[in-house]
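In what follows, a single structure is set out as C-alpha cells and then discussed.
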Amino acid sequence: MTEFRAYRLFQGSGDAPQGRFVTMRTDELPAGEVLVRSEYAGVNFKDALAAHGINKIIRQYPRIGGIEFSGVVAQSADARFGVGARVIVHGFGAGVDHDGGFAQYARVPADWVLPLPEGIGAREASTIGVAGYTAALCIHLMELNGLTPEAGPVLVDGATGGVGSLAIDMLSGRGYRVTAVTGKEAERDYLLRLGAGEVLLRDGLEMGKRPLEKALWAGAIDSAGGEMLAWLTRTMQPNGVIAAVGNAAGMELNTSVLPFILRGIRLLGIVANSPMPLRRTIWGKLAGELRPRHLEAIADEIRLDGLPAAFARLLRGGARGRTIVKLQD
Ligand SMILES: NC(=O)c1ccc[n+]([C@@H]2O[C@H](COP(=O)([O-])OP(=O)(O)OC[C@H]3O[C@@H](n4cnc5c(N)ncnc54)[C@H](OP(=O)(O)O)[C@@H]3O)[C@@H](O)[C@H]2O)c1
C-alpha cells in the first residue's frame, strides 16, 4: 500500500462537483489487474466538462477524473504486463466511471492497458494523448476513404486545440497542404510553425447559404460541429472526406443531401474510444509514419495544482496545443 496525491471530485451542492487535492492510499483505488504509477496525464475538453459538472459526464462521486494517463506498471495480476512495463491508458471508463489519470497512481482492468510503442516515452505519449490519437485516427480513416496529399488542401478547424494542432503537424509531415481555421489571430505563427500552409480566421469566413458552394477542400478535420461542419459539407470537392470529431461550436448539423448525392462527399464519424486492435494500429502509426514533429511547441506542462485553471481555459476555448500534467517529482 502506497500513499499518493490526487485531484478528486466530490459531490457538490448543485450540478458542479467540488474538486479537492487529497492524499489517498493505493488500496482505496478501484478493482483492476494493473496498478500504474502514472507519470503524465493529458487534459482534455471532456475532463473540463466533467470537472464543471457539464453534460453529466461523471455520475458517481467521489471520482478521480482524467480520461488518459501514461506511466509504468507497478503491480500486475495479468501475464501480459510485467512490473516496469511502460504503458498508456485512455478512454474506456477512465476518469468517467472509474478513477482516472489526475493522480500519481491508477488501477485499471488489464484490457484497458496499451504498451507504449518502442521509442515513445510517457511524456511524448501524453503530449500526443487522446487528441493525437484522434487526429491520427482521422487521417487513417480519411486515407482509407481515398484521401491523398495530391487530392487537394485539407482544412483543420479548432486549429490551435489539441486535435487541431496535432492534425496539422501530422498532415503537413505527410505532405498534405493544410489550411488551418482558428479563432485566435495571435496564434497564426504557432500554426504556421506546426506546418499549416495557410491560416484563416474563423470570423472572416464567407460561409454563404447555398446547398453547394465553391468546392474547396479535399479533406477536413472538424472539431467544431454546428455551422462550421454544415459549411464544410457545402464546400468539399467531389469525393472529399470530412472527419467529424467534435462539437466545440455546436451539436446540430443543418445541411442538405446535395453534397452527398451530387459531389459524393463522405462524412466520417470519429470515436476515439476505439477497440484495442484499432488502438494498436493507430499507436503503431503514431510511433512511425505519423509521428508528430513539434511536440515541444505543442506541450504545455503543468502540475496537479494547475488543473482548475487548465479546465477553465479549455472551457473558454483558450487552449493552445496540449496541456499535460507532470505527476511525479
Ligand atoms: N470524437 C472523439 O472521440 C473525440 C476525441 C477527442 C476530442 N473530441 C472533441 O473534439 C473537440 C476538439 O478536441 P480538442 O482536444 O482539440 O479540444 P481543445 O483542445 O479544447 O480545442 C478546441 C478548439 O476548438 C476551437 N473552438 C473553440 N470554440 C469554438 C467555436 N465556438 N467554434 C469553432 N471552434 C471553436 C478552439 O480553437 P481555435 O481558437 O484555434 O479555433 C479551441 O482551441 C472537442 O469538442 C472534443 O470534445 C472528440
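Just so it is clear, none of the values below were taken in a lab; they were calculated from the coordinates. Keep in mind that what you see is a predicted model, and the values were worked out from it rather than measured. Cβ coordinates were reconstructed from backbone atoms using ideal geometry, including for glycine residues, and neighbour counts include every protein chain displayed.
Between the listed residues LEU147, PRO30, GLN18, the Cα displaced farthest toward the positive end of the dipole of the chain, a dipole computed from Cβ unit charges relative to the Cα centre, is found at LEU147.
Could you check what % of the DSSP bridge pairs in the chain are antiparallel, to the nearest 5? Mind showing how you got there, number by number?
On the way: 33 of 59 bridges.
Close to 55 percent.
Between beta-carbons, use under 9 Å as the cut-off and find the net charge around PHE10, counting Lys and Arg +1, Asp and Glu -1. With Lys, Arg at +1 and Asp, Glu at -1, the net is +3.
Each of GLY318, ALA196, LEU286 was scored by the projection of its Cα onto the charge dipole of the stretch 187-329, and the greatest displacement toward the positive side belongs to LEU286; charges sit on the C-beta of Lys, Arg, Asp and Glu. The Cα center of the stretch 207-253 and the Cα center of the stretch 120-173 differ in position by 17 Å.
Starting from the stretch 181-211, pick out the GluC sites (Glu not before Pro) whose DSSP state is loop and whose Cβ has at most 11 other Cβ atoms within 10 Å.
Details: sites: GLU185, GLU187, GLU198, GLU206; in loops: GLU206.
Sparse-neighbourhood loop GluC sites (Glu not before Pro): GLU206.
Take TRP217, TRP283 and order them by how many other Cβ atoms sit within 10 Å, fewest up front.
By the 10 Å Cβ count, ascending: TRP217, TRP283.
The alpha-carbon of LYS209 sits under 18 angstrom from the alpha-carbons of these aspartates and glutamates, leaving out residues fewer than 8 places away in its chain: GLU227, GLU252.
This model, with +1 at the C-beta of Lys and Arg and -1 at the C-beta of Asp and Glu, gives the stretch 66-184 a dipole about its Cα centre of some 220 debye. Arranged from fewest to most other beta-carbon atoms within 10 Å of their beta carbon, THR233, THR281 become THR281, THR233. Here the peptides 36-43, 261-268, 149-156, 321-328 are ranked by packing, the mean other Cβ count within 10 Å, and the order with the highest first is 36-43, 321-328, 149-156, 261-268.
Hydropathy at least -0.5 by Kyte-Doolittle, axial extent at least 15 angstrom from the Cα trace: which helices of the chain, defined as entire DSSP H runs, fit? The partial results should precede the final answer.
On the way: long enough: 122-144 (30 Å, 0.83); 162-173 (17 Å, 1.14); 276-287 (16 Å, -0.06).
Long hydrophobic helices here: 122-144, 162-173, 276-287.
Sorted by mean Cβ packing within 10 Å, highest first, what order do the peptides 305-313, 157-165 take? If you can, show how the numbers build up before the last one.
Numbers: 305-313: 16.2, 157-165: 29.2.
Sorting 305-313, 157-165 by mean packing, highest first, produces 157-165, 305-313.
From the Kirkwood radius over Cα pairs of the stretch 183-329, Stokes-Einstein at 4 °C and 1.567 mPa s returns a whole-number translational diffusion coefficient of 73 µm²/s.
Can you tell me what share of the DSSP beta bridges in the stretch 130-269 is antiparallel? A percent to the nearest 5 is fine. All intermediate terms of the calculation are to be shown ahead of the outcome.
Values: 0 of 21 bridges.
Around 0 percent of the beta bridges assigned by DSSP in the stretch 130-269 are antiparallel ones.
Shown here for the stretch 119-183: trypsin sites (Lys or Arg not before Pro) in loop regions (DSSP other than H, G, I, E, B) with at most 13 other Cβ atoms within 10 Å, of which there are none. Within the same chain, lysines fewer than 8 places from LYS326 are excluded, and of the rest, those with a Cα less than 30 Å from its Cα are LYS46, LYS56, LYS184, LYS285. By the helix-only formula, in which each DSSP H run with n ≥ 4 contributes -39500 (n - 2.57) and the sum is divided by residues, the chain has a 222 nm mean residue ellipticity of -8000 deg cm²/dmol. The charge dipole of the chain, taken about its Cα centre with unit charges on the Cβ of Lys, Arg, Asp and Glu (plus for the first two, minus for the last two), comes to roughly 240 debye.
When DSSP assigns beta bridges and you keep just the ones with both residues in the stretch 1-113, what percent turn out antiparallel, to the nearest 5?
Numbers: 27 of 28 bridges.
Around 95 percent antiparallel, to the nearest 5.
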